[in-house]
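In what follows, a single structure is set out as structure tokens and then discussed.
The values are calculated or read from the model by the stated rules, or taken from the named source; none is laboratory data. These figures come from a predicted structure and were not determined experimentally. Here Cβ is always computed from backbone atoms with ideal geometry, including for glycine, and neighbour counts include all displayed protein chains. When the accessible area is computed, the model is the full protein with side chains, heavy atoms only, and any ligands, DNA or RNA have been set aside. Shrake-Rupley method; radii C 1.70, N 1.55, O 1.52, S 1.80 Å.
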Amino acid sequence: MEDQTTSISGWNSPRWHGISRTYTSEQVSRLRGTVQVEHSLARAGAEKLWRMLHRDSYVPALGALTGNMAVEMAAAGLKAIYLSGWQVAADANLSGNMYPDQSLYPVNSVPTVVRAINNALMRADQIAHADGQSYTDWMLPIVADAEAGFGGVLNAFELMKALIEAGAAAVHFEDQLSSAKKCGHMGGKVLVPTREAVQKLISARLAADVMNVPTILVARTDADAAQLITTDCDPADRSFISGERTVEGFYGFRGGLDAAIARGLAYAAHADMIWCETSEPNIENARRFAAAIHSEFPGKLLAYNCSPSFNWRAKLSMPEIASFQARLAGLGYKFQFITLAGFHALNLSMFELASEYGRTGMLAYSRLQEREFDLAEKHGYGAVKHQRFVGTGYFDQVATTIASGNISTCALPGSTEEEQFEDPYDHELPQQQAMA
């Protein structure tokens, strides 16, 4: 029997309110083949994130670039993870190079990191479950960056499939030219026509439907700061195009909030959530964008990049920074994230340790360790016991089960970690007890 989430009747369910499809369920069925693979991580993550987006004031997230970062985010109580292509380019891509955010890395890099993060979260879940701990929800939904699709609509279709196979809950596509893609806060951005960006969103939705997963599709526009566009073929873009041509043949584009609004409105029927990339944390511009989208698409979910590229203290006062996300939430920005949090946290913490270690030697590391002990005692920080954190005790249980208990080679008993480190899971913390 066909799953109701992708049948015509299913498409009329509340989950798909406000979403237009330009194809039929019969066309989807023909593209599926005869073997139906259940993508349980992607489905569970999408359904969980969808519930949170409609239940909570907003869902905050930090950008992770490793599985361990994601585990710490879950342990600390966050409810979702953002996976930035920028961070993958910088330090987590399959070419092994350090790149700027210009889609220079192999296209399967982000799906590979999604899979690695999910694997780490599943290991954390297995470890906790084996130890009888149930107060942490380890399986956080991942919102993944598909860049500009790494090509045309077929490339976007295949990338969306790869991200679903890896277990992404939500995926975002932007409206830049793939071959000239830039970070949202770089210059030289080149837009594709509105029609082409819409086609990529349709392609991504079709991929999710073919795979029978209700993936949350996020449409991002970079029109606010863009100054170039590939062609003037789309009437929807012509009011923003100047007569100027560049040496590459691109047209001049009058970017700004009006252009971003026009594109957001064009994308809204095809996406679950709209993201306008901005150049500063400006609440009035956010209000204007939200009002324009909601005037035609009431209740449409919005996303906001609380970017590390902004100098927050230079732009806002401390009270304004403190209230910024709550004010955004009141405007309908239900997913708010710090794209490069992992990159900055990783580099700052290591620079601080290396600098102090260069001056004071082992005193520096001992101070770091004391901070870990303090966090373990007060907040259940688990990585202080690094062997246990990655699953040594779990695999001791596996080996013991295989040997029916007759084993002398378990790794944790007799280890220095067991002897010298207090177990952060020996007691439940008050906030964790409240969550259970």
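Name every residue in segment 220-255 that is more than 28 Å from Gln336 (Cβ to Cβ) and in contact with a Leu (Cβ under 6 Å, 6 or more places away or on another chain), in order of residue number.
Taking segment 220-255 first, the residues more than 28 Å from Gln336 (Cβ to Cβ) are 228-239, 241-252, 254.
Listed by number, the residues that qualify are Ile229, Thr230, Phe250.
Filter segment 65-93 down to the residues that are small (Gly, Ala, Ser), over 22 Å from Tyr135 (Cα atoms) and either surrounded by fewer than 20 Cβ atoms within 10 Å (Cβ to Cβ) or in contact (Cβ under 8 Å) with a residue 24 or more places away in the chain (or both) and list them by number. So that I can check it myself, show each step before the final result.
Keep residues of segment 65-93 that are small (Gly, Ala, Ser), which gives 67, 70, 74-77, 80, 84-85, 89-90, 92.
Cutting the leftovers down to over 22 Å from Tyr135 (Cα atoms) gives us 84-85, 89-90, 92.
Ser84, Gly85, Ala90, Ala92 - these are the residues of segment 65-93 that are small (Gly, Ala, Ser), over 22 Å from Tyr135 (Cα atoms) and either surrounded by fewer than 20 Cβ atoms within 10 Å (Cβ to Cβ) or in contact (Cβ under 8 Å) with a residue 24 or more places away in the chain (or both).
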| Is at least one residue of segment 130-150 open to solvent by 30 Å² or more (accessible area, probe 1.4 Å), part of a helix (DSSP H, G or I) and in contact with a Leu (Cβ under 7 Å, 6 or more places away or on another chain)? | no
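Could you say which residue among Ala269, Ala226 is open to solvent by less than 10 Å² (accessible area, probe 1.4 Å) and in a loop (DSSP other than H, G, I, E, B)? Break it down into steps so the answer makes sense when it comes.
Working: Ala269 fails: open to solvent by less than 10 Å² (accessible area, probe 1.4 Å).
The unique qualifying residue is Ala226.
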| query | Within the set of pairs 6+ apart or on separate chains, which have a first residue in segment 137-150 that is closer than 12 Å to Met122 by Cβ and at pLDDT 95 or above, a second that is surrounded by fewer than 24 Cβ atoms within 10 Å (Cβ to Cβ) and acidic (Asp, Glu), and C-beta atoms under 7 Å apart? | reply | Trp138/Asp125; Met139/Asp125
| query | Taking Asn311 and the conditions (1) modelled with pLDDT of 95 or more; (2) loosely packed, with under 14 Cβ neighbours inside 10 Å; (3) not hydroxyl-bearing (Ser, Thr, Tyr), which numbered condition does it fall short on, given that it satisfies the others? | reply | (1)
| field | Residues (crowded, with 19+ Cβ neighbours inside 10 Å, in a helix (DSSP H, G or I) and in contact with a helix residue (DSSP H, G or I) (Cβ under 7 Å, 6 or more places away or on another chain)) located in segment 325-342 | value | Leu328, Gly342
| message | Of everything in segment 71-100, what is farther than 19 Å from Ala61 by Cα, in a helix (DSSP H, G or I) and not hydrophobic (A, V, I, L, M, F, W, C)? Give them in sequence order. | response | Asp91
| query | Looking only at segment 1-34, which residues are modelled with pLDDT of 95 or more, among the hydrophobic types (A, V, I, L, M, F, W, C) and open to solvent by 30 Å² or more (accessible area, probe 1.4 Å)? | reply | Leu31
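Look through Arg254, Arg263 and report the one residue that is in contact with a strand residue (DSSP E or B) (Cβ under 7 Å, 6 or more places away or on another chain), of a type in the set (D, E, K, R), buried (at least 21 other Cβ atoms within 10 Å of the Cβ) and on the phi < 0 side of the Ramachandran plot.
Values: Arg254 fails: buried (at least 21 other Cβ atoms within 10 Å of the Cβ).
On inspection, the qualifying residue turns out to be Arg263.
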